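One structure is given here, and the rest of the page talks about it.
The values are calculated or read from the model by the stated rules, or taken from the named source; none is laboratory data. Being a predicted model, the structure only gives us computed values, none of them experimental. Counting neighbours? That spans all protein chains shown, and the Cβs are built from the backbone with ideal geometry, glycine included. Areas reflect the complete protein model, heavy atoms only, side chains present, ligands, DNA and RNA absent. Shrake-Rupley method; radii C 1.70, N 1.55, O 1.52, S 1.80 Å.
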Amino acid sequence: MIFKSIVGQDQALSKLKKDISLKTITHAYLFFGPDGIGKKMMAKSFAKAIICPNGGDTCNCCQRIEKEIHPDCSIYTPEGNFVTIDEVREITRLASMVPMEAKTRVIILDEADCLTEPAANALLKTLEEPPGHNVFILITSNVDAVIPTILSRCRLVKFNTIKSNLIKEVLNQKFSLTKDEIEQICRLCGGVLASATQMASNPWHLKLRGLVLDYSSGRKLAQPNDFVNEMMELCKKSANESLENNIDNEIISQQFAVDRSHLSHLKKVIKQKEKRQAAKQSAKAYEEALDYLASWYRDLLVYSESKSSDLLINLDYFDEIQKSCQNVDGLDKVKSIEDIQSAQKLIRLNVNTHLVMENLLMNLN
Ligand SMILES: [Zn+2]
């Protein structure tokens, strides 16, 4: 069963399955929806359904697609914050050639919102004139940032956040956690399965959240500057850790493709590539920290309106939430959340993180 690993995306799945069974697969798709809910996994599964002649997912063909080493299934993820025109040229060059093994080639372009205008224009021609042997799958978590001319040429497939009972099921199967821990993670992950499994497997996520919540709730008193330093330190550490994991995973997957004697060379090449991704990883960690900060103000807003704990994310800070609601008015909280979102945007644009954070904390107090 090719689509068996997909959790909770019934709508998207039935749309794609229909295209497969009616043979109405089009030349360009855009998968959109929040990060971490299975868009890329679905893209790979869809690629298997298109490419594999065997109709299962244990065969050699499907395994190579899964490990991202199949010659007719290319997956591009921008190395920096933008897809460069060179990267697009490589894609269009590839698209102009006939597939090597299969009848159809699948080209998956992750983070399609990172296409700059010139890069998008270079890609447009290829998207417009399907040579017949390519299926493009563009993926984005930020559909508003995708250039409209690209949007209009793709069949849109929407992905939704995942219901918490399904997330609980997955956590129960894969991790040995207490019921309380699972409840806590489900409240925090916001229906994003990848966040839930990351929190369950990587302790630093909850550590970062604890640091941010302790500070914002006043449970632990700290100078803003000390807090920012500690937070940035933790974010850097976590980014490095996930980089190391990526390198290991990439090497494991490449081992199937290359001779062992090339391994040390390969390691070097991958290390260089990962270095370019380091800044991006740190930015992701900072964004996550700011998500936790925003969740604090969101809880204050929710509690001051509803006076009920039902919808709170940070239930373990209930005492502090109650206390804070006595002296902050609603408008302040909305503005705080907006300030946090603006800071996240600046960090995405590579503005000095320390400055952004310090400014933000000054505005919040
Ligand atoms: Zn197969």
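Results, tabulated for the structure shown:
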{"quantity": "Residue match in the range 11-27 (condition: within 15 Å of the ligand (Cβ to nearest atom), without any contact (Cβ under 8 Å) to a residue 60 or more places away in the chain and under 24 Å from residue 126 (Cβ atoms))", "calculated": "yes"}
{"quantity": "Any hit, the range 154-173, residues being at pLDDT below 90, touching a strand residue (DSSP E or B) at 6+ places or on another chain (Cβ under 7 Å) and of a type outside the set (Val, Ile, Thr)", "calculated": "no"}
{"quantity": "Search result, residues across the range 20-49 that are buried (at least 18 other Cβ atoms within 10 Å of the Cβ) and on the phi > 0 side of the Ramachandran plot", "calculated": "33, 36, 38"}
{"quantity": "Near pairs, Cβ below 6 angstrom, 6+ apart or cross-chain, from the range 75-87 (farther than 15 Å from residue 273 by Cα) to any residue that is open to solvent by 40 Å² or more (accessible area, probe 1.4 Å) and in a helix (DSSP H, G or I)", "calculated": "85/118"}
{"quantity": "Identity of the residue in the range 50-102, open to solvent by 80 Å² or more (accessible area, probe 1.4 Å) and among the polar types (S, T, N, Q), that ends up farthest from the ligand (Cβ to nearest atom)", "calculated": "96"}
{"quantity": "Matching residues in the range 311-320 - criterion: being closer than 13 Å to residue 183 by Cβ and outside any helix (DSSP H, G or I)", "calculated": "312, 313, 314"}
{"quantity": "Tally, over the range 309-334, of residues that are modelled with pLDDT under 90 and of a type in the set (D, E, K, R)", "calculated": "4"}
{"quantity": "Check on residue 294, under 26 Å from residue 182 (Cα atoms), buried (at least 19 other Cβ atoms within 10 Å of the Cβ) and at pLDDT below 90", "calculated": "no"}
{"quantity": "Filtered residues of the range 178-223 (kept if open to solvent by 50 Å² or more (accessible area, probe 1.4 Å), farther than 16 Å from residue 34 by Cβ and not charged (D, E, K, R))", "calculated": "178, 201, 203, 206, 221, 222, 223"}
{"quantity": "Residue under evaluation residue 44, criteria (1) out of contact with any helix residue (DSSP H, G or I) (no Cβ under 9 Å at 6 or more places or on another chain); (2) within 16 Å of the ligand (Cβ to nearest atom); (3) touching a residue at least 60 places away in the same chain (Cβ under 8 Å), criterion not met", "calculated": "(1)"}
{"quantity": "Positions within the range 118-158 being outside any helix (DSSP H, G or I) and among the basic types (Lys, Arg), in sequence order", "calculated": "153, 155, 158"}
{"quantity": "Some residue of the range 317-328 being surrounded by 18 or more Cβ atoms within 10 Å (Cβ to Cβ), among the β-branched types (Val, Ile, Thr) and in contact with a helix residue (DSSP H, G or I) (Cβ under 8 Å, 6 or more places away or on another chain)", "calculated": "yes"}
